């Protein structure tokens, strides 16, 4: 029991450090949690991904681009309702205020992932690179899930 | 006053007129009341009443390539909504919610059908629609066809859609209605369910509308 707890803590700290190890700052500026990709029907080549991006620094940080070796292109989009019409608007970047967070979530801000290099099923993992205006990059191993209810760490507000 | 009136020659005709007015007013009020009990909109959210839209003929293709029109709407309660299969966010959210709704309503033996209508006729072929709807539920219906076919349904319902091809010719986005439209077994559009869509809200709204419409028969 004690051992399990210790291993859990070590794993937790490793998972926090790993994405940023290449740009190890003294203090972690950006933390990304609860990232997931929505599994899509087999004929669909446009997928969505969600995550919570926290900015722990005391300056605003801009998410400037997102990429992945698995997809030909990733765009930032905002789903919104205009006069009863569902629209998606491409965003050039996404600003995260100092000591604040932004949530990419179903029906709101999300990542649009184009043309996966293989059919993706729930249980698969995909590497996604989040690139920020301070020059840092977060590399997140993102699970494919069927439903939001499967999503780890996600709290719907 | 009464005394002076009573001596008047007009008393009897005046009383008769008053009596007629009172009777007809009473009759009018009771008529109004009876109309209210069967016809007024009781304030159910999303209910189209007292003038539900009777659908006219339309012609589309389902996910098996069979023709789908007014006949296929009759005899069942139908949920119809619009989207396109390459839509990554809003459409699969709605499909997943409707899969939950359908599962519960089917368990309770409700006579319902769920119909996804593609407003992207160029990309969403019959084969793609089959794969798409059956991913969410094997009983879901996927409608498509030519632009004229799609318009034969969207124009009646009164919704627009827009293909944003000028932004990106290959991976274009489509603006589409975010509402779910409800049709009764007489193929009348009796309700509109507005987003954000949630299972319990949809089921409650559906049951309220269904109960109200059934009570009008």
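Values in this text are rule-based calculations from the coordinates and carry no lab data. Predicted, not measured: the structure shown is a model, and the values here were computed from it. Cβ placement follows ideal geometry from the backbone for every residue including glycine, while neighbour counts extend to all protein chains displayed.
Taking other C-beta atoms within 10 Å as the exposure proxy, B:74, B:188 rank B:74, B:188 from fewest upward.
Take each residue in A:78-85, count the other chain C-beta atoms within 10 Å of its C-beta, and the mean is 5.
Secondary structure note: in region B:53-215, about 60% of the DSSP beta bridges are antiparallel.
A simple spin-label model places pseudo-atoms 7 Å from Cα toward Cβ; at residue B:107 and residue B:165 they are separated by 4.5 nm.
Taking only the Cα atoms of region B:135-192, the radius of gyration and Dmax are 14.1, 42 Å. Here region B:53-215 is treated as a Stokes sphere of Kirkwood radius computed over C-alpha pairs; at 25 °C and 0.890 mPa s its diffusion coefficient rounds to 154 µm²/s.
Listed by Cβ neighbour count within 10 Å, with the fewest neighbours leading, A:38, A:73, A:118 appear as A:118, A:73, A:38.
With neighbour counts taken as other beta-carbon atoms within 10 Å, the residues A:80, B:103, A:145 rank, fewest first, as B:103, A:80, A:145. Across all Cα pairs in region A:58-100, the calculated P(r) in 5 Å bins from zero up to the longest distance comes to 6, 18, 18, 18, 19, 14, 7, 1 percent per bin.
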